[in-house]
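Q: Below is the structure I would like to discuss, written out as C-alpha cells.
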Amino acid sequence: MDNEAEIRKRKIYRVTFIGFVVNLALSCFKLAAGVLGRSAAMTADAVHSFSDMATDVVVIAFARISAKPKDDGHDYGHGKYETLATIIISLALVAVGVGILLSSMRSIRTVIEGGVLPRPGGVALIAAVLSIVAKEILYRYTVRVGRAIDSPSVVANAWHHRSDALSSLGTLVGIGCAFFLGEKWRIADPIAALIVAVFIFKIALDLIRSGLGELLEQSLPAETEAEILRIVSADPAVKEPHNLRTRRIGASIAIEVHIRVDGEMTVRESHDHTVDIERRLRERFGRGTMIAIHVEPEK
C-alpha cells in the first residue's frame, strides 16, 4: 500500500471514529431523554442516531478493503468496495426514512381519530437542541474531510449525520409546539417528522443513483471528459484523440483514449509523448488515476 493510500485510510478512520463516539453519546442521551421526558419523537430520534453508529462501522470496514492495492483478482484495485459501502449507507437512510414516515403517520392518525398525544418533558427539548448542534457540526466536519479525500462513502456518512440533524430539527419543532402551545398543537410533531422523512428519502435516492451509476460503469460527466480531451490535445504532436472511455473506481478514475501521431515517429518518441500526457492527467486528477493510451499512426 503506498503512502497516499495509507494517509487517506487513516483520515477515513479518524473522521468516522469521531462520528461513532459522538453518535454513541448522543444516542444514549436522547434515549434517556425520550424515556424520562415521555417523548415518542425523541425516542425515535435516538433510534435514528443508533443507525448512524451502524453506518460508521460499515465505513470503517469498507475503508480497510478499498485501500488495498490491486492484486491478481482485482486488476483495478478495490475502490468499488467503497462505492458498495455508499449504497449500503444510502439503504440505511431509506430504512430510517421509512421508520420515521410510519411512526409519524400513526401519530397523525391517532389525533385524527380523537386521541391526544402526550406532552413531552423539558429534557426532550434540551436533547433536541444539543442533537441539532452536535450533528450539524459533525456533518460539516465529515463532509469537508470526505470531499478533500474524494471519498463517496464518507460524504454519504456525512449526509447521514445531517439527516439526523434534520430529524432532530423536526423533533424540536414538534416537541416545542406540544410543550408550549397545548394539546391541539401536538400534531405538529408527526407532521414535522413527515417532512423530514421526505428530505431523507431525497438524499438517499441521490446517493443510490450515484453509487449505482459507478457500479454500472457510468462514464464521467461530459465536462470532465471534455477537460481530459483538452489535456490530451495540449501536446502538439497528438492528433485526433478519440475512443475516449472513462469511469470512476472508488476515489480514483480510469481513462482510456486513442491518439494519432506522425507515422514516422519512433516508438521511443511516441512513448515519451504518452508518458507526458499521463503525467499531466495525474497532476489534474490524482496519482491514483488509471490511464491507458493507445497510439495510432496519423492518416
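The values are calculated or read from the model by the stated rules, or taken from the named source; none is laboratory data. Small disclaimer: the values here were computed from a predicted structure and weren't measured. Note that we place each Cβ from the backbone using ideal geometry, even for glycine, and neighbour counts take in every protein chain shown.
Q: What do you reckon, is residue 109 assigned to a helix (DSSP H, G or I) and not small (Gly, Ala, Ser)?
A: yes
Q: If residue 112 passes every condition in (1) crowded, with 19+ Cβ neighbours inside 10 Å; (2) modelled with pLDDT of 80 or more; (3) not small (Gly, Ala, Ser) but one, which one does it miss?
A: Failing condition for residue 112: (1).
Q: Picking from 210, 219, which residue would you name as being loosely packed, with under 14 Cβ neighbours inside 10 Å, hydroxyl-bearing (Ser, Thr, Tyr) and closer than 22 Å to residue 150 by Cβ?
A: None of the others qualify; the one that does is 219.
Q: Determine whether residue 145 is in a helix (DSSP H, G or I), modelled with pLDDT of 80 or more and not hydroxyl-bearing (Ser, Thr, Tyr).
A: yes
Q: Within the bounds of the stretch 67-77, is there any residue that is at pLDDT 70 or above, in a helix (DSSP H, G or I), out of contact with any Gly (no Cβ under 8 Å at 6 or more places or on another chain) and surrounded by fewer than 17 Cβ atoms within 10 Å (Cβ to Cβ)?
A: Looking for residues that are at pLDDT 70 or above, in a helix (DSSP H, G or I), out of contact with any Gly (no Cβ under 8 Å at 6 or more places or on another chain) and surrounded by fewer than 17 Cβ atoms within 10 Å (Cβ to Cβ), one finds none in the stretch 67-77, hence no.
Q: Considering each of 197, 254, 192, 226 in turn, give the residue that is under 18 Å from the mean Cα position of the chain (by Cα) and hydrophobic (A, V, I, L, M, F, W, C).
A: 197
Q: State yes or no: is residue 188 touching a residue at least 12 places away in the same chain (Cβ under 8 Å) and more than 24 Å from residue 153 (Cβ to Cβ)?
A: yes
Q: Related question: Where the second residue is among the polar types (S, T, N, Q) and in a helix (DSSP H, G or I) and the first is closer than 17 Å to residue 43 by Cβ and assigned by TED's automatic domain parsing to the domain that holds residue 196 and lies in the stretch 92-109, which pairs have Cβ atoms under 6 Å and are six or more apart or on separate chains?
A: Close Cβ pairs satisfying both conditions: 96/51.
Q: Name the residues in the stretch 185-233 that are under 21 Å from residue 250 (Cβ atoms) and β-branched (Val, Ile, Thr), would you?
A: Of everything in the stretch 185-233, those that are under 21 Å from residue 250 (Cβ atoms) and β-branched (Val, Ile, Thr) turn out to be 203, 208, 224, 228.
Q: Further, regarding this structure: Which members of the stretch 241-268 meet the condition of being without any contact (Cβ under 8 Å) to a residue 24 or more places away in the chain and not basic (Lys, Arg)?
A: Residues satisfying the conditions are 241, 242, 244, 264, 266, 267.
Q: Let me ask another. Do you know which of the residues in the stretch 166-200 that are among the small types (Gly, Ala, Ser) and surrounded by 22 or more Cβ atoms within 10 Å (Cβ to Cβ) is nearest to residue 90 (Cα to Cα)?
A: Across the stretch 166-200, the extreme among qualifying residues is 197.
Q: Of all residues in the stretch 146-165, how many are surrounded by 20 or more Cβ atoms within 10 Å (Cβ to Cβ) and of a type in the set (Val, Ile, Thr)?
A: Residues that pass the stated criteria total 2.
Q: A further question on this structure: What are the residues in the stretch 14-39 that are of a type in the set (S, T, N, Q) and not in a helix (DSSP H, G or I), if any?
A: 39
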